[in-house]
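Here's the structure we're looking at; comments come further down.
The values are calculated or read from the model by the stated rules, or taken from the named source; none is laboratory data. Since the structure is predicted, the reported quantities are computational estimates derived from the model, not experimental observations. Here the Cβ positions follow ideal geometry from the backbone for every residue, glycine too, while neighbour counts run over all protein chains shown.
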Amino acid sequence: MNKFKPALALLLVFVAGTVFGVVGTRMVVRSVIREVITHPNKVPQRIELNLVKRLKLDPEQKTKVHEILADSQKQLRPLRMESMNILSNAQVKISDILTQEQRRQFDKMREETPNILRPPPAQKPPK
């Protein structure tokens, strides 16, 4: 019996590490996704910082990358607004076909979970 205790303890340590690793990774990924969904205007800044750091861009390259990302944001803004309208319409249509109890549960689900049926709040355009 004493021979198995160290092996069992080692196995438990590995299992606990795996469980905590999976749970921790899932929490971080959900947090990042929630941040991207709720603050889409911050995405280009993160991309820009990542490119500057990893590619060691010179000042001229930084300026050009910034301009490219700013232009892409301008092009994406109307698409984002259109997709938010589509999602809002889908939400209304789904709500219309539900019973009163289902509608209460649907509203509760939308409050608890930032998902495709809960579009992000309207963003102010960057200055």
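If residue 80 passes every condition in (1) modelled with pLDDT of 85 or more; (2) surrounded by 10 or more Cβ atoms within 10 Å (Cβ to Cβ); (3) of a type outside the set (Asp, Glu); (4) part of a helix (DSSP H, G or I) but one, which one does it miss?
So the condition that residue 80 fails would be (1).
Taking the stated definitions as given, is residue 43 more than 22 Å from residue 84 (Cα to Cα) and either modelled with pLDDT of 90 or more or within 22 Å of the chain's Cα centre (by Cα) (or both)?
No.
Might you let me know whether the range 101-112 holds any residue that is surrounded by 12 or more Cβ atoms within 10 Å (Cβ to Cβ), assigned to a helix (DSSP H, G or I), more than 25 Å from the chain's Cα centre (by Cα) and free of Cβ contacts under 8 Å to residues at least 60 places away in the same chain?
Yes: one or more hits.
Only one of 85, 89, 41 is surrounded by 10 or more Cβ atoms within 10 Å (Cβ to Cβ) and either among the hydrophobic types (A, V, I, L, M, F, W, C) or in contact (Cβ under 8 Å) with a residue 12 or more places away in the chain (or both); which? Explain how you work it out, then say what you get.
Working: 85 fails: either among the hydrophobic types (A, V, I, L, M, F, W, C) or in contact (Cβ under 8 Å) with a residue 12 or more places away in the chain (or both); 89 fails: either among the hydrophobic types (A, V, I, L, M, F, W, C) or in contact (Cβ under 8 Å) with a residue 12 or more places away in the chain (or both).
Being surrounded by 10 or more Cβ atoms within 10 Å (Cβ to Cβ) and either among the hydrophobic types (A, V, I, L, M, F, W, C) or in contact (Cβ under 8 Å) with a residue 12 or more places away in the chain (or both) holds for just one of 85, 89, 41, which is 41.
Tally up the residues in the range 46-98 that are under 28 Å from residue 110 (Cβ atoms) and either in contact with a Cys (Cβ under 6 Å, 6 or more places away or on another chain) or of a type outside the set (Lys, Arg) (or both), please. Can you show your working first?
First pass over the range 46-98, keeping only residues under 28 Å from residue 110 (Cβ atoms): 46, 73, 76-98.
Pick out the ones that are also either in contact with a Cys (Cβ under 6 Å, 6 or more places away or on another chain) or of a type outside the set (Lys, Arg) (or both) and you get 73, 76, 78-79, 81-92, 94-98.
Qualifying residue count, the range 46-98: 21.
Looking for something over 20 Å from the mean Cα position of the chain (by Cα) and β-branched (Val, Ile, Thr) - is there at least one such residue anywhere in the range 71-92?
Yes; the residues of the range 71-92 include at least one that is over 20 Å from the mean Cα position of the chain (by Cα) and β-branched (Val, Ile, Thr).
Using the structure shown, decide if residue 52 is in a helix (DSSP H, G or I), among the β-branched types (Val, Ile, Thr) and out of contact with any helix residue (DSSP H, G or I) (no Cβ under 6 Å at 6 or more places or on another chain).
Numbers: in a helix (DSSP H, G or I): yes; among the β-branched types (Val, Ile, Thr): yes; out of contact with any helix residue (DSSP H, G or I) (no Cβ under 6 Å at 6 or more places or on another chain): no.
No.
List every residue pair whose Cβ atoms sit under 9 Å apart, with the two residues 6 or more apart in sequence or on different chains, where the first one lies in the range 8-27 and is on the phi < 0 side of the Ramachandran plot and modelled with pLDDT under 95 and the second, anywhere, is outside any helix (DSSP H, G or I) and surrounded by 10 or more Cβ atoms within 10 Å (Cβ to Cβ).
none
How many of the residues making up the range 59-69 are surrounded by 13 or more Cβ atoms within 10 Å (Cβ to Cβ) and of a type outside the set (Val, Ile, Thr)?
Here the count works out to 4.
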